[in-house]
Amino acid sequence: MVAQLQSVLAIGLISTPPGSSPRRHRTLPDERKLMSDQRAEARNFGYDLVYHDLRYNELDEKLQLIKAKLQVSKPDLIIIGNGTKGSNEHTAFVEDLVNICRTESPKTKIGFNTNVA
């Protein structure tokens, strides 16, 4: 019998504009390769890792998409990335995001990534 994977929804800014943060900027293919490697590694530990990329100019729309996603599927864990949480300009967005997560999926644990990738 195959054990069911625990679901993890990682929400964050996968790529950011140059100069906007201290993180090392990678190309989109590099980011996709890194995400693919991380998903494979997470599977080895029993987790189904799904990324939800945010874009600076689409934050309101992304909140509604995340809300709709959580109405259909309840992950075991939601991780909010440091690129989102660590930015003062996104404080209101992160508060709204946490409130949506608590309302739509109240039993889901929420974690915050503090690593600047």
All conditions in (1) under 12 Å from residue 13 (Cα atoms); (2) touching a strand residue (DSSP E or B) at 6+ places or on another chain (Cβ under 6 Å); (3) hydrophobic (A, V, I, L, M, F, W, C) are true of residue 77 except (1)
Considering only strands (runs of 3 or more DSSP E) wholly within the range 44-117, the ones with at least 1 residues that are over 12 Å from the mean Cα position of the chain (by Cα) and in contact (Cβ under 8 Å) with a residue 40 or more places away in the chain are 47-53
Scanning the range 65-108 for residues that are over 16 Å from residue 53 (Cβ atoms), of a type in the set (Ser, Thr, Tyr) and modelled with pLDDT under 90 gives 91
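The values are calculated or read from the model by the stated rules, or taken from the named source; none is laboratory data. Small disclaimer: the values here were computed from a predicted structure and weren't measured. Using ideal geometry, Cβ is built from the backbone for each residue, glycine included, and neighbour counts are taken over all protein chains shown.
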